[in-house]
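Trainee: Okay, handing you the structure first.
The values are calculated or read from the model by the stated rules, or taken from the named source; none is laboratory data. Since this is a predicted model, take the numbers as computed values, not measurements. Quick reminder, even Gly has a Cβ in these numbers, built from the backbone with ideal geometry, and neighbours come from all protein chains shown. The area values use the complete protein model at the heavy-atom level, side chains included, leaving out ligands, DNA and RNA. Shrake-Rupley method; radii C 1.70, N 1.55, O 1.52, S 1.80 Å.
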Amino acid sequence: MIENKRYMMIRDDLREYFGGMYGGNQHIGSKGIAKFGCGSVTLHTYVAYEERRKYTKDEVRELQEKFFKRYLLGPTTALRFKLAALAYYALRKRKASVRIIHSLYRESDGLKKIMMEIRRNIGKDNPVPLIIGKRTMKGYKDDLDNHWVTVTGYSDDYSVVVSNNGRLEELDLNELSHRRLFIAIAAINVK
């Protein structure tokens with residue numbers, strides 16, 4: 001329960017893996033990662049949870065920088081994120097797949113598909129990377145323009161719990177989809 005709303009969550013609390021932070025945080029690193037590193041932070045958050053590796057805050061900072069420099073230097077689209085995730089796991093001789101689903105501005109069909117995929121992945125204890133596109137109008141979560149977060153839970157409506165810069169945050173995907181050019185997920189599954 002979060003603020004009187006019931007969420008289905010991934011099994012473990014991310015704070016256990018990130019030195020007390022709820023996932024990675026791009027603002028504890030260099031200027032480059034602070035400005036353009038949300039995709040690499042999201043990929044590192046996914047990898048750390050999937051591998052069940054625990055880090056200190058200093059180790060988180062160091063590894064986020066490595067992910068940024070090796071895989072996702074600069075702004076990250078869903079396709080670039082997918083290619084980085086596939087490359088990361090291929091270099092470790094592991095097979096991964098990444099399913100990208102977009103919901104364009106005020107499109108309900110894409111949003112329904114996104115929620116179905118989030119439910120399926122969270123049910124398998126698998127966090128889901130989410131990118132939030134450019135703002136079309138002011139009002140809801142204006143600070144999340146072109147920003148990656150990691151979905152760690154969902155409710156029966158379109159609300160999700162995310163890891164956003166080391167904090168647990170609730171988002172209303174329906175509200176976001178009415179104020180952004182798009183939202184999209186890049187659901188990673190590793191075998």
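Trainee: Report the net charge of residues surrounding Asn189, where surrounding means a beta-carbon distance below 13 angstrom and charges are Lys +1, Arg +1, Asp -1, Glu -1.
Mentor: Details: positive: Lys82, Arg94, Lys95, Arg99, Arg120, Lys124, Lys191; negative: Glu50, Glu117, Asp125.
So the environment of Asn189 carries a net charge of +4.
Trainee: Using 7 Å Cα-to-Cβ label points, what is the Thr56/Arg94 separation (nm, one decimal)?
Mentor: According to this spin-label approximation, the distance is 2.4 nm.
Trainee: Hey, can you list the DSSP H helices of the chain whose Cα span along the axis is 24 Å or longer and whose average Kyte-Doolittle score is at least 1.0?
Mentor: On the way: long enough: none.
Qualifying helices: none.
Trainee: Roughly what would the spin-label model give for Lys124 and Asn189, points 7 Å off Cα along C-beta, in nm?
Mentor: Label-label distance for Lys124 and Asn189, simple model: 0.3 nm.
Trainee: Another question, then. Please list, or write none, the lysines whose alpha carbon is within less than 21 Å of the alpha carbon of Lys93, excluding same-chain residues fewer than 8 places away.
Mentor: Lys66, Lys69, Lys82, Lys191
Trainee: Sort the stretch 80-191 into rounded, prolate or oblate with this rule: let a ≥ b ≥ c be the square roots of the eigenvalues of the Cα gyration tensor; rounded if a/c is under 1.5, and if a/c is not under 1.5, prolate when a/b is larger than b/c, oblate otherwise. Mind dumping the intermediate values first?
Mentor: Numbers: a/c = 1.78, a/b = 1.62, b/c = 1.10.
Prolate.
Trainee: Which aspartates and glutamates have a Cα less than 16 Å from the Cα of Lys138, not counting those fewer than 8 places away in the same chain?
Mentor: Asp172, Glu175
Trainee: If you don't mind, there's one more thing I want to ask. Provide Rg over Rh for the chain; use the alpha carbon set for both Rg and the Kirkwood Rh (inverse mean inverse pair distance). Please report the intermediate quantities before stating the final value.
Mentor: Working: Rg = 15.2 Å, Rh = 16.3 Å.
Result: Rg/Rh = 0.93.
Trainee: Quantify, in whole percent, the carbon and sulfur part of the accessible surface of the chain (1.4 Å probe; protein heavy atoms only).
Mentor: On the way: 4690 of 9200 Å².
The value for the chain is 51 percent carbon and sulfur by accessible area.
Trainee: Extension gain Arg80-Lys134, at 0.36 nm per residue separation less the Cα-Cα distance, in nm?
Mentor: Values: separation 54, 0.36 × 54 = 19.44 nm, distance 1.71 nm.
Net length gain for the segment: 17.7 nm.
Trainee: Once the piece of chain linking Asp172 and Lys112 is laid out straight, how much longer is it, given 0.36 nm per residue of separation minus the C-alpha distance between them? It would help to have the intermediate numbers written out before the result.
Mentor: Details: separation 60, 0.36 × 60 = 21.60 nm, distance 1.30 nm.
Full extension of this stretch gives 20.3 nm more.
Trainee: While we're looking at this one, here's another question. Kindly list the residues of the stretch 10-28 that lie in the label zone of Lys66, defined by a backbone N under 12 Å from the point 7 Å along the Cα-to-C-beta vector.
Mentor: What the label zone holds, given the 12 Å backbone N cut-off, is no residue at all.
Trainee: First check a/c for the stretch 1-96, with a ≥ b ≥ c the square roots of the eigenvalues of its C-alpha gyration tensor; if it is under 1.5, answer rounded, and if not, answer prolate when a/b is larger than b/c or oblate otherwise.
Mentor: Note, shape of the stretch 1-96 comes out prolate.
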